[in-house]
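The values are calculated or read from the model by the stated rules, or taken from the named source; none is laboratory data. Fair warning: this is a prediction, and the values are worked out from it, not measured in the lab. Virtual Cβ from ideal backbone geometry, glycine too; neighbours counted across all protein chains shown.
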Amino acid sequence: MRKNILLLALMLVIIVQFEILPLPRFALRLGDKCVDCHYNPTGGIIRNENGFFYGQNLLSMISPREKDFLMSPKLNENISIGLDFRGQYLYSQEKNRTDFQRMSGSVYGRIGLSKKINIIGRYDFVNDIWEAYGVAHILPNNSYIKVGSFQPNFGIRLDDHTAYTRGGDFFLLFVSGARVGLIYNPFYIESGGELGIYVSNFAFLTASIATNLNNRTLTKDPTYTARLELTPSIGKVSFLLGGSYAAAKVPQTTEMYGGFAGIGYDRFTLQAEFDLANDLLAANTVSNMLMIEASYVIFLGLEAYARYDWLDEDANKDTGTIAHLILGFEFMPYSFIEIRPQYRFIIEDPSIDNDAAIIHFHFWY
């Protein structure tokens with residue numbers, strides 16, 4: 001107990017200096033869409049000029065905000081580059097040890113063939129993962145066709161894969177068993193095509209057919225994914241509503257259904273997602289996942305957040321549930337630098353002392 005108190009005190013000392021704002025919170029708080037800051041219409045990977053400018057000048061506590069400070073990811077009008085590196089320092093109460101984990105290190109590239117057609121690529125040199133696809137905004141209302149290898153659009157795309165609505169307890173120091181979440185861990189990539197339709201200014205529909213790494217051809221057990229997102233606003237209040245569906249073979253045929261919602265006003269955001277998966281963690285089981293996250297910007301460069309993640313491995317049984325309560329801060333001291341200290345309360349039955357403390361580091365360009 002004294003060790004936990006000391007860890008929390010140490011984190012609070014460190015916390016006073018840190019921050020960041022993850023992607024879903026950006027869009028919800030500002031009433032924007034993913035495509036407003038990324039070349040990828042569903043978010044992630046290389047940022048466009050708006051996203052680069054926002055990250056460089058409008059998030060950090062200290063940054064070169066002078067108008068004559070020229071910095072750009074563009075090598076020329078048609079070629080852009082970018083990078084991301086993530087790592088974290090972990091302490092496990094259960095294992096009574098610390099470790100440093102290299103999470104990912106990626107280089108990005110974008111080639112603009114025209115104003116409406118881009119080729120986008122990512123190579124993660126830490127995990128030897130790559131994505132590459134073309135996006136053509138050639139349909140009405142800036143709607144698009146995407147072809148290549150990419151992560152499908154399902155639910156709320158958090159940048160923390162440990163939520164059970166994403167990848168769950170995936171290769172973490174403090175996990176005893178093989179508990180995971182949905183299939184969307186950092187290694188999950190599909191190859192195929194995606195159609196994105198902007199039905200209106202606040203309605204966005206995507207549908208994809210692809211094959212995951214377990215299958216070799218698109219004609220053999222393809223994965224189907226669909227997602228509808230509604231982003232209406234009333235005055236300065238922004239809302240997020242939607243649902244997702246996916247059918248994949250991982251390794252048995254799995255169906256996943258989910259709904260998500262959120263609200264953003266000024267400095268505050270609240271978002272949640274609930275998913276149901278048939279035959280995901282084991283055959284003949286129904287698994288449920290829940291994520292609820294609240295965040296508040298204390299001042300420029302410092303944000304507090306809390307997230308609750310819950311997993312019921314088999315809804316037909318009274319056992320097999322586990323939850324995280326994550327309390328932390330996100331700090332951006334300077335452009336392109338993020339530091340996130342957090343404490344994770346691991347809640348399970350029977351209860352054991354297996355909480356964890358983490359300091360996450362993120363550098364990007």
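A compact table of results
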{"item": "Within the range 245-295, considering residues that are in contact with a Leu (Cβ under 6 Å, 6 or more places away or on another chain) and of a type in the set (A, V, I, L, M), the one nearest to Arg307 (Cα to Cα)", "result": "Ala294"}
{"item": "Test: residue in the range 207-218 that is farther than 26 Å from Gly112 by Cα, in contact with a Phe, Trp or Tyr (Cβ under 8 Å, 6 or more places away or on another chain) and at pLDDT 80 or above", "result": "yes"}
{"item": "Odd one out for Leu59 among (1) at pLDDT 70 or above; (2) assigned to a helix (DSSP H, G or I); (3) over 17 Å from the mean Cα position of the chain (by Cα)", "result": "(2)"}
{"item": "Qualifying strands (runs of 3 or more DSSP E) (wholly inside the range 217-278; at least 3 residues being within 30 Å of Phe329 (Cβ to Cβ) and not aliphatic (A, V, I, L, M))", "result": "237-249, 253-265, 268-278"}
{"item": "Meets criteria (surrounded by fewer than 20 Cβ atoms within 10 Å (Cβ to Cβ), among the β-branched types (Val, Ile, Thr) and either within 18 Å of the chain's Cα centre (by Cα) or part of a strand (DSSP E or B) (or both)) for Ile292", "result": "yes"}
{"item": "Check on Glu255, surrounded by fewer than 17 Cβ atoms within 10 Å (Cβ to Cβ) and at pLDDT 90 or above", "result": "yes"}
{"item": "In the range 246-276, the residues that are closer than 18 Å to Tyr188 by Cβ and of a type in the set (Gly, Ala, Ser)", "result": "Ala246, Ala247, Ala248, Gly258"}
